[in-house]
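A.B. asks: Handing you a structure now.
The values are calculated or read from the model by the stated rules, or taken from the named source; none is laboratory data. Just so it is clear, the model here is predicted, and its values are computed rather than measured. Because the Cβ atoms are built from the backbone with ideal geometry, glycine has one as well, and the counts that use them run over all protein chains shown.
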Amino acid sequence: MLNVGVIPGTVGQTWNGIPVTCHFATVYYLFCAEFGREPTRDVYLQLGNPTGVMRQIAAMGRPVRKRKGQPLVFSPGTILIFKDGQEPAHSCAAKQINLLGGYNQPNWFTSPGIPHGYSEHRTDEIRWRDSKLHKDHVRGNVGQWCTLLQVPQLHAQARLRSMIQR
């Protein structure tokens, strides 16, 4: 199970000298779930920029569409990626079926997030575009329209494993 929450050892906005971003946290959670331990700083640096890791995971994503009158639920551990054009702009994970957790989430949801800190948000706090043509678009942190993607936890873990073992 993906253990979504505060990352041990974070000091201010860093973990072992590495900036704590949303993608950093998502990769951290996936690594811990896949390998049963915290990554070392060296392993993390070997992976490179967490945005590049999330770009590869996003390639496996399926669009999430809002269904009128139905609550939005995910299997715990599902990775959510807010994609701005071709780039993953934000990522977080389902902690419970209707609760998302992650780092650096200000302005991604209707409730406030914490810059470089951990916060949780209900799925009904996602800011959907009110348009029949763009049912998978959500408002980003600076007003941009993003496509919301979901990636099953085990698929995301397998992709991360393949990146580490190359």
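A.B. asks: Would you check if there is a residue in the range 50-69 being crowded, with 19+ Cβ neighbours inside 10 Å, part of a strand (DSSP E or B) and in contact (Cβ under 8 Å) with a residue 40 or more places away in the chain?
C.D. replies: Checked against the condition, which is being crowded, with 19+ Cβ neighbours inside 10 Å, part of a strand (DSSP E or B) and in contact (Cβ under 8 Å) with a residue 40 or more places away in the chain, the range 50-69 yields no hits at all.
A.B. asks: Conditions first: (1) more than 17 Å from residue 122 (Cα to Cα); (2) hydrophobic (A, V, I, L, M, F, W, C); (3) within 15 Å of the chain's Cα centre (by Cα); (4) surrounded by fewer than 21 Cβ atoms within 10 Å (Cβ to Cβ). Residue 2 passes all but one, so which condition is the exception?
C.D. replies: (4)
A.B. asks: Looking at 160, 149, 154, can you tell me which residue is farther than 14 Å from residue 92 by Cα, buried (at least 16 other Cβ atoms within 10 Å of the Cβ), modelled with pLDDT of 95 or more and not β-branched (Val, Ile, Thr)?
C.D. replies: The match here is 160.
A.B. asks: Which condition number in (1) buried (at least 17 other Cβ atoms within 10 Å of the Cβ); (2) touching a Lys or Arg at 6+ places or on another chain (Cβ under 8 Å) is the one that residue 28 fails?
C.D. replies: That leaves (2) as the condition not met.
A.B. asks: Moving to a separate point now. Has the range 13-21 got any residue that is surrounded by 16 or more Cβ atoms within 10 Å (Cβ to Cβ), in a helix (DSSP H, G or I), at pLDDT 90 or above and among the aliphatic types (A, V, I, L, M)?
C.D. replies: The answer is no, given that none of the residues of the range 13-21 is surrounded by 16 or more Cβ atoms within 10 Å (Cβ to Cβ), in a helix (DSSP H, G or I), at pLDDT 90 or above and among the aliphatic types (A, V, I, L, M).
A.B. asks: Moving on to the next point. With touching a residue at least 12 places away in the same chain (Cβ under 8 Å), assigned to a loop (DSSP other than H, G, I, E, B), more than 13 Å from residue 26 (Cα to Cα) and hydrophobic (A, V, I, L, M, F, W, C) as the only criterion, which of 142, 138 stands out?
C.D. replies: Result: 142 is the single residue among 142, 138 that is touching a residue at least 12 places away in the same chain (Cβ under 8 Å), assigned to a loop (DSSP other than H, G, I, E, B), more than 13 Å from residue 26 (Cα to Cα) and hydrophobic (A, V, I, L, M, F, W, C).
A.B. asks: Between 157, 150, which is touching a Phe, Trp or Tyr at 6+ places or on another chain (Cβ under 7 Å), closer than 15 Å to residue 55 by Cα and among the polar types (S, T, N, Q)?
C.D. replies: 150
A.B. asks: Given the condition in a loop (DSSP other than H, G, I, E, B) and basic (Lys, Arg), answer yes or no: does some residue in the range 73-91 qualify?
C.D. replies: no
A.B. asks: So in the range 82-139, with the set limited to residues that are surrounded by fewer than 18 Cβ atoms within 10 Å (Cβ to Cβ) and at positive phi, which one is modelled with the lowest pLDDT?
C.D. replies: 85
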